[in-house]
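K.L.:
Would you mind keeping the following structure in view while I ask a few things?
The values are calculated or read from the model by the stated rules, or taken from the named source; none is laboratory data. Please read these numbers as outputs of a predicted model, since none were measured by experiment. Here the Cβ positions follow ideal geometry from the backbone for every residue, glycine too, while neighbour counts run over all protein chains shown. With ligands, DNA and RNA removed, areas are computed over all heavy atoms of the protein, side chains included. Shrake-Rupley method; radii C 1.70, N 1.55, O 1.52, S 1.80 Å.
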Amino acid sequence: MLRIAICEKDKKQRMELLDYISMDTDIEDDYITECFEQVMDVKKRLDERDFNFDILFLMMDSIGVDSLALLQYIREKKFDVDVFFIADTVDFVTEAFRCRAFAYLVKPFDLKKFSYEMKQYLREKKDYQKKL
């Protein structure tokens, strides 16, 4: 089962992501999702050890501080979650990949771009699990 978290303030963008997830043929029907509006809500769940997701779609705030800080925190504390950034610009792409984000999606993106990134993710996840 694929466990997916979405942290996005914009309700329309959250709904669009949920639609893309439901339409992506590579994901199939074996997944669960949960949505968060604020970075601090995700951090709180991480601190409570109640954040059991494979993927986090994380909005990039306008100055990048909160989102990048959360990703750094995830890496420092060694939480096992892959992060896909969602951003309005490419301004923070270097910092995101320095913190080992899996993908960086620039708004607006479409189902084709989403599916491409998910296919890459699922392929890498499957290859990694074979090695275990």
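K.L.:
Determine whether I55 is closer than 14 Å to I4 by Cα and in contact (Cβ under 8 Å) with a residue 40 or more places away in the chain.
P.N.:
Numbers: closer than 14 Å to I4 by Cα: yes; in contact (Cβ under 8 Å) with a residue 40 or more places away in the chain: yes.
So I55 passes the test.
K.L.:
Search region 71-93 for residues being of a type in the set (D, E, K, R) and part of a helix (DSSP H, G or I), and hand back the single one that is least open to solvent (accessible area, probe 1.4 Å).
P.N.:
Initial filter on region 71-93 (of a type in the set (D, E, K, R)): 75-78, 80, 82, 88, 91.
Still in the running and part of a helix (DSSP H, G or I): 75-76.
Details: R75: 44, E76: 134 Å².
Applying the filter and picking the extreme gives R75.
K.L.:
May I pose another question? For region 43-60: of the residues being in contact with a Leu (Cβ under 9 Å, 6 or more places away or on another chain) and farther than 26 Å from R123 by Cβ, which is most open to solvent (accessible area, probe 1.4 Å)?
P.N.:
K43
K.L.:
To continue, here is another question. Within region 108-125, count every residue that is open to solvent by 50 Å² or more (accessible area, probe 1.4 Å) and either farther than 17 Å from V83 by Cα or assigned to a loop (DSSP other than H, G, I, E, B) (or both).
P.N.:
Residues that pass the stated criteria total 4.
K.L.:
Which residues, counting only those in region 55-72, are at pLDDT 95 or above and of a type outside the set (A, V, I, L, M)?
P.N.:
F57
K.L.:
Quick check on A96: is it free of Cβ contacts under 8 Å to residues at least 60 places away in the same chain, hydrophobic (A, V, I, L, M, F, W, C) and crowded, with 16+ Cβ neighbours inside 10 Å? Before the answer, list the steps.
P.N.:
Values: free of Cβ contacts under 8 Å to residues at least 60 places away in the same chain: yes; hydrophobic (A, V, I, L, M, F, W, C): yes; crowded, with 16+ Cβ neighbours inside 10 Å: yes.
The answer is yes for A96.
K.L.:
Restricting attention to region 42-58, does a residue exist that is over 22 Å from F97 (Cα atoms) and β-branched (V, I, T)?
P.N.:
Scanning region 42-58 turns up no residue that is over 22 Å from F97 (Cα atoms) and β-branched (V, I, T).
K.L.:
Okay, moving on. Looking only at region 17-42, which residues are open to solvent by less than 60 Å² (accessible area, probe 1.4 Å) and either in a helix (DSSP H, G or I) or of a type in the set (V, I, T) (or both)?
P.N.:
Listed by number, the residues that qualify are L17, L18, Y20, I21, I27, T33, V39, V42.
K.L.:
Give all pairs with beta carbons closer than 6 Å in which a residue from region 114-132 that is of a type in the set (A, V, I, L, M) meets a residue that is open to solvent by less than 100 Å² (accessible area, probe 1.4 Å); count only pairs at least 6 apart in sequence or on separate chains.
P.N.:
So the pair list comes out as M118/D24; M118/D26; L122/D26.
K.L.:
Given the criterion touching a helix residue (DSSP H, G or I) at 6+ places or on another chain (Cβ under 8 Å), without any contact (Cβ under 8 Å) to a residue 60 or more places away in the chain, part of a strand (DSSP E or B) and open to solvent by less than 50 Å² (accessible area, probe 1.4 Å), identify the matching residue among L68, L105. If you could, list the steps in order and put the result at the bottom.
P.N.:
Working: L68 fails: part of a strand (DSSP E or B).
None of the others qualify; the one that does is L105.
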